[in-house]
1. Out of segment 199-247, which residues are in contact (Cβ under 8 Å) with a residue 60 or more places away in the chain and small (G, A, S)?
2. For segment 156-176, indicate whether the set of residues that are of a type outside the set (S, T, N, Q) and at pLDDT below 90 is non-empty.
3. Can you tell me which residue among L145, L150 is under 30 Å from S272 (Cβ atoms), touching a His at 6+ places or on another chain (Cβ under 7 Å) and at pLDDT 95 or above?
4. So which residues in segment 40-67 are under 22 Å from the mean Cα position of the chain (by Cα), more than 18 Å from H169 (Cβ to Cβ) and not in a helix (DSSP H, G or I)?
5. Take the residues of segment 2-39 that are in a loop (DSSP other than H, G, I, E, B) and either modelled with pLDDT under 75 or touching a Leu at 6+ places or on another chain (Cβ under 8 Å) (or both): which is nearest to S66 (Cα to Cα)?
6. Return the only residue of R420, R473 being closer than 22 Å to T29 by Cα, among the charged types (D, E, K, R), modelled with pLDDT under 90 and part of a helix (DSSP H, G or I).
7. Just to check your reading of the model, which residue among S361, S331, S347, S309 is without any contact (Cβ under 8 Å) to a residue 24 or more places away in the chain, crowded, with 17+ Cβ neighbours inside 10 Å and hydroxyl-bearing (S, T, Y)?
8. Of all the residues that make up segment 151-175, how many are part of a helix (DSSP H, G or I) and over 16 Å from M83 (Cα atoms)?
Amino acid sequence: MKDFIKQLKDKLETNPPAVLTLGFFLIITVGSILLFLPFSSKNLNFTNFLDCVFISTSSVCVTGLSTINITNEFNYIGKFIIMLLIQAGGLGFMTMATMVAMILGEKITLKDRLVIQEQMGTTRLTGMVRLIRYVIFSTFIIEGLGAFLLCFTFVPKLGLKGIFYSIFHSISAFCNAGFDILGENSLESFNTNPYLLLVISFLIILGGLGFNVYIDINNYKLNYRKYSLHTKIVLVMTLGLLIFGTIAFFILEYSNVKTLKSFNLFDKIINSFFQSVTTRTAGFASINQTGFTESSTILSIFLMFIGGSPASTAGGIKTTTIFLLIVTTISFIQNNNEIEVFKRRISFSLVKRAIGIFVISILLVNAVVFVLTLIEDYRFIDLLFETVSAFATVGLSKDLTPHLKDITKMIIIILMFIGRVGPLTIIFLFIKKSIRRNLSIQMEMLLLDRRYYETNCCFRLWKIRNEFSHHLRKTWK
């Protein structure tokens, strides 16, 4: 047993993806047990354990798919546990661990920085602790403001318990989870309440932008020219996809009696905008998803698959990935040797990563859909919708989730987990060569980072280099 623990510890020390994966797994396990116990249930009975695992995974992976009605199944203790799981999943395992370490005054080691980097999807090792502080601070400020604004809707309607409802839905929206405690129909009873829909929408958008974007906007305000390339890409893609989705849903559903036809013009625009927002991995629904035309369903699948942006609470393959694929394709058509965006050259390593993420994601989604067609009797497009919703951690459903077979539920659980942790992270977990190469690249980047030399003393640099060399030696053994 001691040898096993020692081997596990050694593996975790040289394998950031393993730490990240194990961290999410442990949170899901604890959440499943807490939801399973009678004190979480309204009837004070044990809830079906598979359903508890599904809900816990969906909460931590900020998905929102649910096999049971959490409003009717769980009491306020259970709902509070779900809210904490959503918060932990939205912030990320390493963010929570780092927050505890900073409170206790513990040192943030290089290994911790590597895991944070893996979680955030950033390319730099410097400034990780500052980024975590910013993540925690901005998250609580935005969620607090969101809860305050939602109180104007929920408190008059529900009384004092509306305060809890406001906090729950603010966290769920900002973390792009899509869980609600309003009943079976999500936000459908509020689809003519533009105030609520817009507040929820902007919480979702802010959660999906990414914390690196907040830092740029905070530092340079509205001086767009000084923004980093990452921020420019995120803002352009986010705005473009929101406008495109709103116009497309408005046109496709304008005369659909099952969706928008009965609304006035303003409510049609607001609900089209909300659908465009929520498909970006949020999962709330102001309109029943079963009523959409097949054209709108395909559009929803496309938007869900793209998702939000890196270092955000959103899932999907990310806006930056699809942007790189588009500009690479344009560069290929124009027969250009180099890829340039906003007068900046894009490195081939970033293009390779984007292609890798896209291909792996496409193959995984298609493989899962193929298996589900063998197990379930539903339409292919509905199974594809459910699969992409789980992989991209969206949470929208064609009312399939509660009626799936147990084996399908387990497949969806695994898919949600892969979608949240990241397919590349899961692959790197088993490929030691990739981890070693990644560590070597990070060592090179650290030594070449001019800002690091400018802001840190030589002794600190020497200590970090020695620590890095130690990790590399352990990995290569």
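1. The answer is S201, G207, G208, G210.
2. No, segment 156-176 contains no residue that is of a type outside the set (S, T, N, Q) and at pLDDT below 90.
3. L150
4. The answer is C61, T67.
5. Among residues in segment 2-39 that are in a loop (DSSP other than H, G, I, E, B) and either modelled with pLDDT under 75 or touching a Leu at 6+ places or on another chain (Cβ under 8 Å) (or both), the one nearest to S66 (Cα to Cα) is N15.
6. Selected residue: R420, the only one of R420, R473 that is closer than 22 Å to T29 by Cα, among the charged types (D, E, K, R), modelled with pLDDT under 90 and part of a helix (DSSP H, G or I).
7. Testing whether each residue is without any contact (Cβ under 8 Å) to a residue 24 or more places away in the chain, crowded, with 17+ Cβ neighbours inside 10 Å and hydroxyl-bearing (S, T, Y) leaves just S331.
8. 8
The values are calculated or read from the model by the stated rules, or taken from the named source; none is laboratory data. What you see is a predicted model; the values in this text were computed from it and never measured. Glycine also receives a Cβ, built like all others from the backbone with ideal geometry; neighbour counts cover every protein chain displayed.
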